[in-house]
1. Mean-square fluctuation check for chain C, GNM, Cα pairs under 10 Å: which of C:Gly21, C:Gly78, C:Gly51 is largest?
2. Can you tell me the Rg and Dmax of the stretch C:59-101, counting just the alpha carbons, in angstroms?
3. For the stretch A:242-354, what is the charge dipole size about the Cα centre, in debye to the nearest 20, if Lys and Arg each add +1 at the Cβ and Asp and Glu each add -1 at the Cβ?
4. Can you give the longest stretch of chain A with no exposed loop site, where a site means GluC sites (Glu not before Pro) in a DSSP loop (not H, G, I, E or B) with at most 15 other C-beta atoms within 10 Å?
5. Find which of B:Gly30, B:Gly11, B:Leu70 sits farthest along the positive direction of the dipole of the stretch B:1-109, computed with +1 on the beta-carbon of Lys and Arg, -1 on that of Asp and Glu, about the Cα centre.
6. Have a look at A:Gln243, A:Gln220, A:Gln33 and tell me which one the Gaussian network model of chain A (Cα, springs below 10 Å) gives the largest fluctuation.
7. Between B:Asp79 and A:Leu354, take the C-beta separation as r, use R0 = 30 Å, and let me know the FRET efficiency to the nearest 0.05.
8. Relative to the Cα centre, what is the charge dipole magnitude of the protein assembly as shown, using +1 at the beta carbon of each Lys and Arg, -1 at the beta carbon of each Asp and Glu, and rounding to the nearest 20 debye?
Amino acid sequence: MAQKVLIKGNEAIGEAAIMAGCRHFFGYPITPQNEVAEYISKRMPEAGGCFLQAESELAAINMVYGAAGAGARVMTSSSSPGISLMQEGISYIAASELPCLIVNVMRGGPGLGGIQPSQADYFQATKGGGHGDYRLVVLAPSTIQEMIDLIVEGFDIADQYRNPVMILADGMLGQMMEPVVLEPKKRIERQLPAKDWATTGCDGSRPRNVINSLFMIPEQLEQRNLILIDKYKRIEQNEVQYQSIDIEGSDVVLVAYGTMARIARTVAKKAKELGISVGILRPITLWPFPYDAVAAIGDMPNVKAVFSIEMSAGQMVEDIKLGINGKKPVYFYGRTGGMIPSPNEILDYICDVLEVR
Amino acid sequence: MTHEVIMAGFGGQGVMSIGQLLTHAGMEVGLNVSWYPSYGPEMRGGTAFCHVIVSDEFIGSPLVTSPTDLIIMNRPSLDKFEQTAASGASVFVNSSLIDREVKRDDIKAYYIPANDIANRLGNVRVANMVMFGAFLACTGIAPVDVVELCFKEMLGPSKAHMIDVNRKALREGMKLVDK
Amino acid sequence: MSIIFERPRSLTDKPFHYCPGCTHGLVHRLVAEVIDELDIQANTIGVEPVGCAVSAHDYFDIDMQEAAHGRAPAVATGIKRVWPDKVVFTYQGDGDLASIGMAEIVHAAARGERITTIFINNAIFGMTGGQMAPTSLLGQVTTTSPHGRDAGSAGYPIRVSELLATLQGAAYVARVSVHDVKNIARAKRSIKKAFTTQIEDKGFSIVEVLSTCPINWGMTPADSLKWLQDNMIPYYPLGELKVDGEGVINR
Ligand SMILES: Cc1ncc(C[n+]2csc(CCOP(=O)(O)OP(=O)(O)O)c2C)c(N)n1
Ligand code: SF4
Ligand SMILES: [Mg+2]
C-alpha cells in the first residue's frame, strides 16, 4: 500500500486536481481556501499546466468557461462570497453543457460574513444559485481522503455528463490536516465521451463547433431545456451516493454531510454511552440527493425521529422532509456564522426531543 | 487511548509546528490523527492555536472542545483555555512568560520555563520544543527517535541547521518531567 | 509634530489593529485630519473596502458603508446620487480597486463622479495573506507568484493613476508616498486637494498612496519603508498627474 502522508485539505484539493489530469486552474484569493491556489501556483508549472490568478471570481469562472469550451480539464476554487460572484458564469457553463470542477470551501455568510466553516451554501449549490433551470452535481466529502477521491471522480462525472460538478467543502476540511494516501481509490470505469464539441479550430473536416446558450425562439429554448432535463434525470438515476452507518435498528437517525457527518460520528459514540442507538445517513451527493435512502428510514419501525444537523439555519432539512414525506418527525439542529455545533450540544438536543435523562 | 490537545500561544511561538509534529509522530506510530488550526487575521499578533487529536479509535470531529492536554505558551492563552480543559487534564504552562498559576484544582499543571531554557540553548524560537518535550515525556505518545525523524523531515534541507538545537530543546523538555 | 500625537476628531479612540509598521493607520489619520481641517465630519460618508481596512468604520468617526469586494466606487456613486451635497469617499486597497474592482473605479472616474478615492497601493493582497496584486512588481515573490512575478504569465503591474488620469471625468489624480516625514506632509496636502476638488464639484478625485505591508513582504517596518522607496517609487513615480481636470504632470 502506498505511504500515508499528512496534508492540509486545501493542498490536497490542488494535488488531487493534478492527479485527475487537470492542467488549467483559474482562481482568485479568498479565505479559507487560499492554500488551494498557492499550492497550485507551485505545482501546476511543474506538471506543465497553467495557473492563473484572475482579477476576480467573475473573470475566473469565465476563464473556466473558455477553457472548458476549448476542451480542457479545468477547475476553479473559491469560498462563499466568491462563489456567489460566479453564479452568472456557472449558469452559462451549465446551459452550454461544459464539464468543469468548481470547489466551494464554504464560510459563514450572508454578505461578507466571516471566514470560519459553514454549510450555508447548500441551497445555492443544490437548488441552482444562478438563473434558469439547471443543476450542478454536488459532491460533499467528509474527510480529506474522500475529498481527493471525489475530486478525481468529479472530473470524470463532469466529462461523462458534460456538466459542471461542485465540490462542497467547508473551512474545516480546507484547513485541517489528516493522513491520506495520495492516490485515487479505484475509479469506477466510466465511458468518457470524446470532446468533439470543443472549439479547437475548424479546418473544414467537421462542422463548426459553437458554444452558445442563446435561443431566442421559445420552442427551441424549450427543446434545449428538455435535453438538459433528460440528462439530469439520468444523473439522478445513476449517480446518487451516500453512506449509512448503523441505521438498522437504531432509535434515531442523524442525517449530516461533510464536517457535520464527522461530528455526527462523535455524537453517535457518546449517545451509545447513554443507551441511545444513533444511526447516521451521510449524503455524499447532495445533488442528486439520496431521497430513496431517506424515504427508507421513514419505513423503519425502530426509528423514533430523524435529525438534520447542519452548520446552517436549516437547509438540507428541507430535502430530508421531502424524502421522509411525513412518515417520521424530522428535527433540525444547527449553528450559523462559523460556529460549529459541539457533539454535546447536539446530544443534549436529541435527549430533549426523546425526553430522556 | 485518546489525547485531545490544544496548543496555544502568540503567532510566531511555533504552536502550529509542534501541533503538526505531534500529528506527524502519531501517524508514524500507527494512530489516527487530525490537526485543525485557528486561521485568519486572528493569527496576526493575537492568539494562535491548533487542535490535535491522537487516538487509537476513529476520529469524528477534529474540533477539540474539552482538551485532555493543553500546551500553553502565553498568558492570554491560559486565560482563554483553562476553563475548557477536561477534568483530570494535563496543562503544560510556559512559566517563563506566564505570571500566574493554574486556578483549577482538578487538572494537573506542569510549569516549564521554556523561554529561559531555549534562550540558554541559544535560540528562543525552540521554546515550543521544550514544551513539546515535556508533553511527550508525560504522555509517551511516540518514542523520541520517531519524533526526531519527524521534525527532521518537517524542517527539510533548508533548515537542516536547526535540527540540532531542536533536538536539544526536546531533550531538555523531556528531562523536566522525567522523574 | 502634531501629525503624530494629536488624535483627530474624526477618529474614534479605538486603537488600530493593523500590524506593526503597517501604513494603513497612518493614512487613516491623514484622512481624518483633512476631514477635521475642512470641518466636514458631519457631512462626510465613507465607503470601506474588503481588505485589511475592512473595519475602517471602527476608526473613522463618521457614517460609513461596507461595500462588497471592489464595489466601493459603485456604492459611493449610489450614496452621492442620494446626497449630492455631502462628501463621499472610498478607501480601497490595490486588490480591491485594481483587481476585482477595476471596472467600478474606471467607470466612476469616467463619469466624473463627485467622489474621492483613497487608494492604498501596497503591491500585495494584505488581508488574505500575501497573494500577488495587480500592482505587485515584476520579480516580486508572493504566495501566488512563488518564483517572483513573471510578466510572461502574470503580465505587468498596473499604474492606476496614469490609467485613470487619461479619463476626462477625473479632475484630480495624484500619487504620493508615506515613507518619510516630508512625503507624509505631501500626502496630506494631496488628500486635502482631492476632497476640495469634490467639494468644489469639479469631478472625480483620487490619491494613490504607496504603502507598506511589512508582514506579507516579510520585512521589518524599517526595511519596508526602504523597499518602498527603492523599488516602488521608481516604477510608480510620485506627483500630481492631474489638477482641476487639466492633465498636468506636477512632479
Ligand atoms: C468576492 C470576494 N472575493 C475575494 C475576497 C477575499 N479578499 C478579501 S480582502 C482581499 C484582497 C485584499 O487586498 P487589498 O485590496 O490589496 O487590500 P490590503 O489588505 O492589501 O489592504 C481578498 C481577495 C472577498 N472577500 N470577496
Ligand atoms: S497584513 Fe499588511 S496591509 Fe494588512 S495590516 Fe498587516 S501590514 Fe497592514
Ligand atoms: Mg493591498
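Each value in this text was obtained by applying a stated rule to the coordinates, not by laboratory testing. From a predicted model like this one, the values you see are computed outputs, not experimental measurements. When we count neighbours, we look across all protein chains shown, and the Cβ atoms used for this are built from the backbone with ideal geometry, even at glycine.
1. Of C:Gly21, C:Gly78, C:Gly51, the Gaussian network model singles out C:Gly78 as fluctuating most.
2. 10.8, 30
3. I would put it at about 160 debye.
4. Working: sites that count: A:Glu189, A:Glu248, A:Glu355.
Result for the longest clean stretch: A:1-188.
5. B:Gly11
6. So, out of A:Gln243, A:Gln220, A:Gln33, the one fluctuating most is A:Gln220.
7. 0.20
8. Dipole of the protein assembly as shown, to the nearest 20 debye: 880 debye.
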